[in-house]
Amino acid sequence: MARRAKKRVVFISSFLPRKCGIATFTTDLIANASSAAKGEFEPLVVAMRSGDDLKYKDPVKFEIRQDVKSDYICAADYINFSHVDLVSVQHEFGLFGGDGGAYLNLLLKRLKAPIVTTLHTILDEPEESYYKSMMDLCEASYKVVTMNERGVTMLRDVYGVSGKKVDLIAHGIPDLPFVDSNYYKHKFKMEGRRTILTFGLLNENKGIEVMLKAMPRIIEAEPSVVYIVLGMTHPTVLKQDGESYRFRLQQLVKELGIEQHVIFHNRFVDDKELHNFLCAADVYVTPYLSRNQLTSGTLSFAVGTGKAVVSTPYWAAEELLANGRGKLVGLGDSKGTAEAIVGLLKNDRQFYSLRRRAYDYGRSRTWPKIGQAYWKLFGAKHLPVRIAKKQPLSVAETISNIEVPELSLEHLKKLTDDTGLYQHAKFTIPNREQGYCTDDNARAVIAMVECYAQHPKREVLGLFERYLSFIMYAQNKDGSIRNFMNFDRTWLKNEPANDAFGRVLWALGSVMARPPSPAYLSIVKDCFDRSVGLVARQYPRGMAYSILGMSDYLKQFPGASDIKRQLELAADGLVQQYEENREDDWQWFEDRLTYDNAVLSHALFAASQALDNEKYLDAAKSMCDFLLADSFNGEHFSFVGCNGWYVRGQARAPFDQQPIEAASMVMMLRAGYDATGDKQLLKLQRKAFDWFLGANDLGVAVYDFRTKGCNDALMRGGVNINQGAESILSFLQSLLAIIETYSIIHEVNATDPFDIVGEVARPAVPIENVPDKKKRRKPGSETLDLLEK
């Protein structure tokens, strides 16, 4: 008799050594399902990464970078080619990239194997993107697993998912004996002390301060008590805010005078050490500040080991601690918390009765039994056959970073020192002789504002502040702006005419529209207000940059009358110049096309929206059409060259084409779409971006995949290999604009997506540049708790 083949199940999840509760959950699930399967189970893991450089071991077979969409598509191919029987998704919104974790669904809809999804969080009032992501996830799944009864109800009432599709399988807990805590206290040198424990990755939603404020009352009743806060700060919080929360808690301990009664263990503990801490604890506390948490691995563990538990009434706690299995106290209620804990410590009968009820309840939820439940689900003999959808890429996928390089700040950082951003480079080497300019640092502020909005990382914020510091220093007391700074940090005297003033206003406005933190607003507003009265003293392109800055200002302060007046004067000036110079065959505001042309149309599109002015919109559309007729040949973009420009009635210079023209076109076309709703502009936006990748007159990539920089020009004989600041910023702004377009493109409806987008140009890239192989709520801090479970 032939031996039965092993059931191959691939798990899509975070995984150890990543410090994440879902990683631990998946590890435990695999171990216990393997035991239940008795050798008939072969697990594979597709591990979710989040900016880490962790080294994974078996059973990890593939890794997905959270924000790199192409990784999800490649993972689908890898899974399909691996002949798996089933896919198990461990789902938490924060694990996956895209709005509401939408990138995951790009993977799932391509899979051939049936999908079982375990939901670690369910939102009762989701924002639209989270609602759509959850609906797509449930539609793709053969089975959806939730961990408690409330989850079953929420799936039915909020998402319309019920019946045979939904399975209820509890969160697994360690199979530990019911022990006397005194036996384990000697391991931590706590003999003779009553111990209270909270464990898990630290973040502000934990409410540890509530418990600390309860401690003086508890100490008064039980002087031997010690409160242990076990766990490192959540890695996501650590990246964004450092240890600020832990430091505030430690300061509170000092203010309360309870230093001898509180211990912080700032580390991620393994299962064995965690079990020892649990066994040593008398009381377990979860003083969380939000009700909206559906599952809690930490609370499940405490209940399963028979701890006396005091908790706030978040959803998971209400179910786990029902029927006398624990005590519930109000959110933020330090006094009630103290009274509940003192009551348990002073009443042995109540203390042990509560412990016994919790332990008995936990016997049905031990990991061996949960492993058997999952194996029954995985090992079903008649799993459905899933047919992956075979279709061309959708609109969203075509205009997205599936087809673009991964965002990298490597070359930008190389051009940045503690002063700011160098202007020029010789190849990739910063050219210190040419120093710095405010123009480029202002561009860099705009790019980093958008970058931080998409990738809120400390590295991005650090660059943002450095460039912002430079342009603030460039501002004179009268609001005028200096542009050129030598390498020795002296300003160039008698500097040539430039547009730095307008670019600075644009940069300051972009910060105001999308501040990385509200704390920047007052600082940046002061700078903006100091300069805005000088707007009229500029050339047309400087005026256009100022218009973009003022339009952004009004996004934050739409009632700012003085800014509206200045904006109207500036936009009227551009339109007047356009009207005076245009002719039937020359819809332009002057008699030549030169540098950064598309910004003029971009500015009028923005002004038309800010002031609801049809005159500006009509002029912007006419100028946009003129530029497209000049630079787009139906296949690719060919921008006016700087060696002669394009004077009306004369020959048009084909070279050198500069990256700023492509970037300006990309941003203008998005602004045009925002103002008109013309879907064709999104197709053209993508075509304009493809100029960087080789869809240009020479079929040569201007972006350098190896250095992560951008060549300074497309020349008649190839590229200018110097990779200065303007070039890399032009590429980064274009890339970020294309990625942002993905967030709105889901709203575009079309029978045939290629009617809107067209086939993405496949550039001929030279070998040296080929890259290496309703009221709706967004998850808040409760999401961190679920990730830590």
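The values are calculated or read from the model by the stated rules, or taken from the named source; none is laboratory data. Here the structure is a predicted model, which is why all the values come from computation and not from measurement. Positions of Cβ are backbone-derived with ideal geometry, glycine not excepted, and every protein chain shown enters the neighbour counts. Protein only, heavy atoms only, side chains kept; ligands, DNA and RNA dropped before computing areas. Shrake-Rupley method; radii C 1.70, N 1.55, O 1.52, S 1.80 Å.
Any chance you could look up the accessible area of GLU273 with a 1.4 Å probe, heavy atoms only, rounded to 10 Å²?
The accessible area of GLU273 comes to roughly 50 Å².
Taking θ = phi - 60°, what integer Hz values does the Karplus form 6.51 cos²θ - 1.76 cosθ + 1.60 yield along the stretch 571-585, in sequence order, with x for Gly and Pro?
Taking θ as phi minus 60°, the curve returns 5, 4, x, 5, 5, 4, 5, 4, 4, 6, 10, 6, 9, 4, 9 Hz for the stretch 571-585.
How far apart, in nanometres, would the label points at GLU580 and SER480 be if each is projected 7 angstrom from Cα along the Cα-to-Cβ direction?
2.4 nm
Return the distance in nm (one decimal) between the two label points of a simple spin-label model at LEU461 and ASP529, each offset 7 Å from Cα along Cα→Cβ.
2.6 nm
Computed from these coordinates, which is Rg and Dmax of the Cα atoms in Å: (i) 30.2, 99; (ii) 30.6, 105; (iii) 32.2, 113?
Only one option fits the structure, namely (i).
Projecting each Cα onto the charge dipole of the stretch 74-188 (Lys/Arg +1, Asp/Glu -1 at the beta carbon, about the Cα centre), which of PHE178, LEU107, SER133 comes out farthest on the positive side?
Farthest towards the positive end: PHE178.
Expressed in nm to one decimal, what extension gain is obtained for the pair ASP360 and GLU128 from 0.36 nm per residue of sequence separation less their Cα-Cα distance?
On the way: separation 232, 0.36 × 232 = 83.52 nm, distance 4.12 nm.
Contour length minus the Cα-Cα distance gives 79.4 nm.
Could you please state, rounded to a whole Å, how far the C-alpha centre of the stretch 121-167 is from the C-alpha centre of the stretch 440-473?
39 Å
Name the residues of the stretch 261-288 whose amide N is less than 16 Å from a point 7 angstrom out from the Cα of ALA221 along the C-beta direction?
So the set is 282-286.
Please work out the C-alpha center-to-center distance from the stretch 481-524 to the stretch 656-688 and express it in whole Å.
One Cα centre to the other: 25 Å.
A 32 angstrom limit on the alpha carbon distance is what I want to check against. Which of LYS615/LYS683; LYS7/LYS165; LYS38/LYS132; LYS132/LYS335; LYS615/LYS687 exceed it?
On the way: LYS615/LYS683 25 Å; LYS7/LYS165 21 Å; LYS38/LYS132 39 Å; LYS132/LYS335 41 Å; LYS615/LYS687 28 Å.
LYS38/LYS132; LYS132/LYS335, as the Cα separations exceed 32 Å there.
Heavy atoms only, probe 1.4 Å: what % of the accessible area of the chain goes to carbon and sulfur, would you let me know?
Numbers: 15890 of 32230 Å².
Whole-percent figure for carbon plus sulfur exposure: 49.
Would you mind working out the accessible area per residue for the chain, using a 1.4 Å probe, and quoting it in Å²?
Result: 41 Å² per residue.
Compute the distance in nm between two label points, each set 7 Å from the Cα along the Cα-to-Cβ direction, one at GLN454 and one at ARG652.
Going by the 7 Å Cα→Cβ label model, 2.9 nm.
Check LEU202: other-chain or 5+ apart residues with amide H under 5 Å from its amide H, H built from backbone geometry?
Residues meeting the criterion, in which the H sits 1.01 Å from N, are MET232, THR233, HIS234.
Could you give the length gained on full extension between ARG514 and CYS74, defined as 0.36 nm per residue of separation minus the Cα-Cα distance, in nm?
Working: separation 440, 0.36 × 440 = 158.40 nm, distance 3.29 nm.
Full extension from ARG514 to CYS74 adds 155.1 nm.
List, in order, the whole-Hz ³J(HN,Hα) value for each residue of the stretch 545-553 obtained from phi through the Karplus relation with A = 6.51, B = -1.76, C = 1.60 and θ = phi - 60°; use x for Gly and Pro.
Each residue of the stretch 545-553 in turn: 4, 5, 4, 5, x, 5, 5, 5, 3 Hz.
If you take the beta carbon distance between MET472 and ARG565 as r and set R0 to 30 Å, what does 1/(1 + (r/R0)^6) give as a FRET efficiency, to the nearest 0.05?
On the way: r = 25 Å, r/R0 = 0.83.
Once the sixth-power term is evaluated, E becomes 0.75.
Heavy-atom accessible area of GLU635 with all protein chains present, probe 1.4 Å, nearest 10 Å²?
In the full protein context, GLU635 sits at about 130 Å².
Given R₀ = 35 Å, what would the calculated FRET efficiency be for GLU406 paired with GLU40, taking r from the Cβ atoms and rounding to 0.05?
Numbers: r = 39 Å, r/R0 = 1.12.
Once the sixth-power term is evaluated, E becomes 0.35.
What does the extension gain come out to for ASN633 and ARG592, with contour length at 0.36 nm per residue minus their alpha carbon separation? If you can, show how the numbers build up before the last one.
Numbers: separation 41, 0.36 × 41 = 14.76 nm, distance 1.96 nm.
Extra length from ASN633 to ARG592 when fully extended: 12.8 nm.
For ARG432, project a label point 7 Å along Cα to C-beta. Then give me every residue of the stretch 464-478 with its amide nitrogen under 17 Å of that point.
The answer is none.
Can you work out ³J(HN,Hα) from phi for every residue in the stretch 126-135, in order, using Karplus 6.51 cos²θ - 1.76 cosθ + 1.60 and θ = phi - 60°, giving whole Hz and x for Gly and Pro?
Taking θ as phi minus 60°, the curve returns x, 5, 4, 5, 6, 5, 5, 4, 5, 4 Hz for the stretch 126-135.
So if we plug the beta-carbon distance of ASP270 and GLU63 into 1/(1 + (r/R0)^6) with R0 = 25 Å, what FRET efficiency do we get, rounded to 0.05? Working shown, then result.
On the way: r = 22 Å, r/R0 = 0.89.
Calculated value: 0.65.
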